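Engineer: Structure below; questions to follow.
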Amino acid sequence: MAHNIEPEKQTLLDHHKEKHFTAGEIVRDIIIGVSDGLTVPFALAAGLSGANATSSIVLTAGIAEVAAGAISMGLGGYLAAKSEADHYARELKREQEEIIAVPDTEAAEVAEILAQYGIQPQEYAPVVNALRKKPQAWLDFMMKFELGLEKPDPRRALESALTIAIAYILGGLVPLIPYMFIPRASDAVLASVALTLLALLIFGYAKGYFTGNKPLISALQTTLIGAIASAAAFGMAKAVHP
């Protein structure tokens, strides 16, 4: 889309490149997938080990859980993103109808929005009039500033599903790796705990770094949650099957 910007200002924009992190949705999906992938199969493997299951049984159950979990989580991500897109489409249609049916009311809403930023009537009046002459720009303005909705990427639902599912699989395989090489589950669980806690530490640190939180605190919190989940599963299994 072409924008009418003064040459001097366009030159400034061309020479000024802001380094903002813009992959928030992808990172969120990865965090959801890896976090659950590391924690749920880890707790399952620890619980089965506590019930004196063999490594082959733990591995079979773990792989089945990872497959089912990846499908479930991926489908959840798809439906969530699809719901957001459907909601945006409904609100877009409603806003479009209101601009046609009650343009004066919608123009007043534009004025109200601009006034909230401290802009005076004599200053925002030309903006309101300019938007009324450009229905698409007016519609985009109302969607963003009145409703707080951004137009979703049409590929978002599928991308979210695939990202979450793949992240879940990658995370879920980590606690199962020792059971692939160590026949005795009582020995494999110790290696699984060490490997998964290390993975949780690394993942938690990366999560904190990319989300703007303190990486070290995020690493410790993530590891603690995983440790509590696995300890609870192991303890309950031991209580039921001493």
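The values are calculated or read from the model by the stated rules, or taken from the named source; none is laboratory data. Note that this is a predicted model, so its numbers are computed, not measured. Backbone-built Cβ (ideal geometry, glycine too); neighbour counts: all protein chains shown. Calculation scope for accessible area: heavy atoms of the full protein, side chains included, ligands and nucleic acids excluded. Shrake-Rupley method; radii C 1.70, N 1.55, O 1.52, S 1.80 Å.
Engineer: Evaluate the charge dipole of the chain about its Cα centre and quote only its size in Debye, nearest 20, assuming +1 on the Cβ of each Lys and Arg and -1 on the Cβ of each Asp and Glu.
Structural biologist: Numbers: 19 positive and 25 negative charges, 203 e Å.
About 980 debye.
Engineer: Using 7 Å Cα-to-Cβ label points, what is the K134/A191 separation (nm, one decimal)?
Structural biologist: 6.4 nm
Engineer: PRE reach from E146 (point 7 Å along Cα→Cβ): which of the range 103-126 fall under 13 Å by backbone N?
Structural biologist: Flagged as within label range: 103-114.
Engineer: Let a ≥ b ≥ c be the square roots of the eigenvalues of the Cα gyration tensor of the chain; is it rounded (a/c under 1.5), or, if not, prolate (a/b larger than b/c) or oblate? It would help to have the intermediate numbers written out before the result.
Structural biologist: Working: a/c = 3.46, a/b = 2.62, b/c = 1.32.
Since a/c reaches 1.5 and a/b is larger than b/c, the shape of the chain is classed as prolate.
Engineer: Summarise the accessible area of the chain (1.4 Å probe, protein heavy atoms) by the percent that is carbon and sulfur.
Structural biologist: Roughly 66 percent, rounded to a whole number.
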